[in-house]
Amino acid sequence: MKLLFLAILSLINFVSTNSYANYCSGSKSRAQHKTTVATPEENDYDVKGLKFNLSLTNTSTYVSGDVTTYARTNIANFGLYAFELHNAMTIDSLKINGQLNTNISSTGAVRKVTLNTPLAANTDFTVQVFYHGTAPGGNGQFFTGGLHNISLPSGTKLMYSLSDDLFADDWWPSKQSIQDKIDSVTMWLTVDDTLKAGSNGLLLNTTSLPGNKLRYEWETNYPIDYYLICVAVAPYKEYSYYMHFTDGSNDSMLVQNYYYDSAAFFTPNTKSLLDSTGLMIDHFSKVFGKYPFHQEKYGHCMTILSGGMEHQTMTFMSTPNIRTTLIAHELAHQWWGNSVTYGKWEDIWLSEGMATYTEQLYLEHYWGSAAAKATRTSVFNQVMTQAGGSVWVNDTTNVNRIFDGRLTYYKGAAVAHMLRYMAPQDSLYFLGLRAYQQQYKYGTAVTSDLQQVMQQTYGKPLDSFFRQWIYGQGYPTFSVKWAQYLGMTLVKVTQTTSHPSVKAFQMPLQLKLNTANGDTTVTINITDTANYLKFNWGDIITSVVVDPEDHIINKTGTTQYDPNLLSIDDAVLQEPAIYPNPASEGWYVENLLPGAVLQLFDISGRRIWNATSSGQVYIPATNLPAGCYLLEVRSLGGNKAHYKLLK
């Protein structure tokens, strides 16, 4: 959804900048943010399609016209149709299946209609609502109203919608349920012929009407969530072009941009930024899978937002604030949030966190790993400005908690990177992301769905990772001691956590060991509050850098030489992790001491495989017969341990 200059906001803890005031200053007075639909009867039907036929202007938030909802009943004896429309809107008339119905009751924005004849389950029906009124106007920013009417210093007037999170009912009769995606939307917008009206999908036609009016006829045939339906009206000019996919398909797609009717808002720099959008669409199509709405378009309507809003196929953003990372963020939402929508508000990090991390993927691809790392370090630091807080939203009645910059955006992005760091190979991370997108395309998903896909892709469980980093709170502080003697090196890593919800984070941790002859990086598998790594290495360590590439949210405590470590027997060192077990193609063995000797024996005691560990070992099993095998692990200190492996 919105990207609101989080890099700036976070520097002062999200409390005092004008941008943050615009971001959350609050959210219009509602009785309480919904955790579900406004009234249970809305779950009794499924929205299949919408047809808008509205008259709008750029000088006010006045709306008049009608909206037809095409729906299907979910229950037997369906006798009550419920929807949401702000009480500032007057319903002129309402038809169900073409027949006038006046049995309408209203409680606030909740409207209920008693059907003349109840309908059977799985019955298609239509509801056409004719209405008019002036929507409660927003101030141009998020969470202040469904429609926004703004005058620029130049005199240009704009009117545009911002329905996220629960403001669609300010301007159209809606069912605000993120689980009920709408299969298709036709949007007819009648405006003065000096104006343009932007919306989702493709502009199929513009029809001249009496009174110097034009009707813009938009249509999208991809499933869409209610809050992603949009309108924008202004004396726009258009800058559009076709981008080309380099996936071998020879496909091209429209990139359509509506900008202010003023040269001051469309500079050569702005044009260059908009031109980069096509390149990003092509690149992200390779990263996440082909742009999910490629048979229609992508583009922008310029507004005065302090960030951007990822309306499906047409993002709203402000020209003075446009930048490539903002374009990347909102474009990423077309996959993360639009094509695959979070199934619960608690899981909104699947949209905002992933889109925020995509900014780093953009930087990594176009500007290099150092640029991505610099941003990642900043993101990690902002997460650690407070000791607690989970990515998973624990209070969906609070809009500021749902869209919390530190947790939903930044910590969500940090977790997205750490999930990549956990991959056995980097390519598997992106393979998993594409598999998730393909499996849940045009639908909804929750965190456990992503976990399942990534587990299948990685071939190992991720329960502790998601439990600690998504549902848990806080971060670790790692302290390091080391000792060396006659070519043997022993490293001890201890951790404390910033929040009691997690006793000990379990992650592979990289340590850069600096010496006079250069440096080397080793990995220790962190499983507890105290962890040991023992290996043969003759260079004298002068210092240790914890997590040198910033792959983990963490702080560094003390790092020091401690000769007392030499008295520790290697029997205290960690047990190896072996997975999958049983296996069909092979076993991974992790948490090994470098230099440990591994031998695999069959049931008769015959040695059939051996290797020396450098941290992780793969034991092939494709050519082995099904059965039981014995793995012997011998440490440098001479201790032995045996493990049963099954194929």
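Odds and ends about this structure:
- Residue in region 502-511 that is crowded, with 19+ Cβ neighbours inside 10 Å and over 29 Å from the mean Cα position of the chain (by Cα) present: yes
- Residues that are part of a loop (DSSP other than H, G, I, E, B), in contact with a helix residue (DSSP H, G or I) (Cβ under 7 Å, 6 or more places away or on another chain) and aromatic (Phe, Trp, Tyr) within region 278-301 comprise just one, Tyr291.
- Selected residue [more than 30 Å from Arg434 (Cα to Cα) and in contact with a Phe, Trp or Tyr (Cβ under 8 Å, 6 or more places away or on another chain)] from Val493, Val545, Val502, Val480: Val493
- Long-range neighbours under 6 Å by Cβ, at least six apart or interchain, first residue assigned by TED's automatic domain parsing to the domain that holds Pro173 and within 15 Å of Phe130 (Cα to Cα) within region 102-117, second surrounded by 13 or more Cβ atoms within 10 Å (Cβ to Cβ) and hydroxyl-bearing (Ser, Thr, Tyr): Asn103/Thr114; Val113/Tyr81
- Per-region count, region 147-200, residues farther than 26 Å from Phe403 by Cβ and under 26 Å from the mean Cα position of the chain (by Cα): 2
- If only residues of region 393-415 that are part of a loop (DSSP other than H, G, I, E, B) and of a type in the set (Val, Ile, Thr) are counted, the one that is nearest to Met280 (Cα to Cα) is Val393.
- Region 450-483: number of residues that are charged (D, E, K, R) and either touching a residue at least 24 places away in the same chain (Cβ under 8 Å) or touching a strand residue (DSSP E or B) at 6+ places or on another chain (Cβ under 8 Å) (or both): 2
- Matching entry among Tyr291, Tyr298, Tyr236 (being closer than 18 Å to Tyr160 by Cα, modelled with pLDDT of 95 or more and touching a Ser or Thr at 6+ places or on another chain (Cβ under 7 Å)): Tyr298
Yes or no, residue by residue, for (1) assigned to a helix (DSSP H, G or I); (2) touching a Leu at 6+ places or on another chain (Cβ under 7 Å); (3) over 18 Å from Leu450 (Cα atoms); (4) among the hydroxyl-bearing types (Ser, Thr, Tyr):
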{"residue": "Leu326", "(1), (2), (3), (4)": "yes, yes, yes, no"}
{"residue": "Gly353", "(1), (2), (3), (4)": "yes, no, no, no"}
{"residue": "Glu359", "(1), (2), (3), (4)": "yes, no, yes, no"}
{"residue": "Gln382", "(1), (2), (3), (4)": "yes, no, yes, no"}
{"residue": "Val391", "(1), (2), (3), (4)": "no, yes, no, no"}
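- Options Thr521, Thr558; residue that is under 28 Å from Tyr357 (Cβ atoms) and exposed (fewer than 14 other Cβ atoms within 10 Å of the Cβ): Thr521
- Within region 145-164, being surrounded by fewer than 22 Cβ atoms within 10 Å (Cβ to Cβ) and either modelled with pLDDT of 95 or more or in a strand (DSSP E or B) (or both) holds for Ile150, Ser151, Lys157.
- Residues (part of a helix (DSSP H, G or I), surrounded by fewer than 17 Cβ atoms within 10 Å (Cβ to Cβ) and touching a residue at least 12 places away in the same chain (Cβ under 8 Å)) located in region 256-272: Ala264, Lys271
- The residue that is nearest to the chain's Cα centre (by Cα), among those in region 308-326 that are touching a residue at least 24 places away in the same chain (Cβ under 8 Å) and crowded, with 24+ Cβ neighbours inside 10 Å, is Glu310.
- Per the conditions (1) in contact with a strand residue (DSSP E or B) (Cβ under 9 Å, 6 or more places away or on another chain); (2) surrounded by fewer than 23 Cβ atoms within 10 Å (Cβ to Cβ), the sole criterion not satisfied by Leu189 is (2).
- Within region 445-461, one or more residues are surrounded by 15 or more Cβ atoms within 10 Å (Cβ to Cβ), out of contact with any helix residue (DSSP H, G or I) (no Cβ under 8 Å at 6 or more places or on another chain) and outside the structural domain of Val545 (by TED's automatic domain parsing).
- Check on Thr489, under 34 Å from the mean Cα position of the chain (by Cα) and part of a strand (DSSP E or B): no
- Taking strands (runs of 3 or more DSSP E) as the structural unit, those lying wholly within region 54-112 and holding at least 2 residues that are buried (at least 17 other Cβ atoms within 10 Å of the Cβ) correspond to 62-73, 78-84, 90-96.
- Taking region 535-647 as the region of interest, the strands (runs of 3 or more DSSP E) fully inside it that hold 2 or more residues being modelled with pLDDT under 95 are 577-579, 586-590, 597-601, 607-612, 617-620, 628-634, 640-646.
- Within region 519-534, the presence of a residue that is of a type in the set (A, V, I, L, M, F, W, C), modelled with pLDDT of 90 or more and farther than 30 Å from Leu645 by Cα is excluded.
The values are calculated or read from the model by the stated rules, or taken from the named source; none is laboratory data. Quick caveat: nothing in here was measured; it's all calculated off a predicted structure. Heads up, the Cβs are rebuilt from the backbone with ideal geometry, glycines too, and the neighbour counts pull from every protein chain shown.
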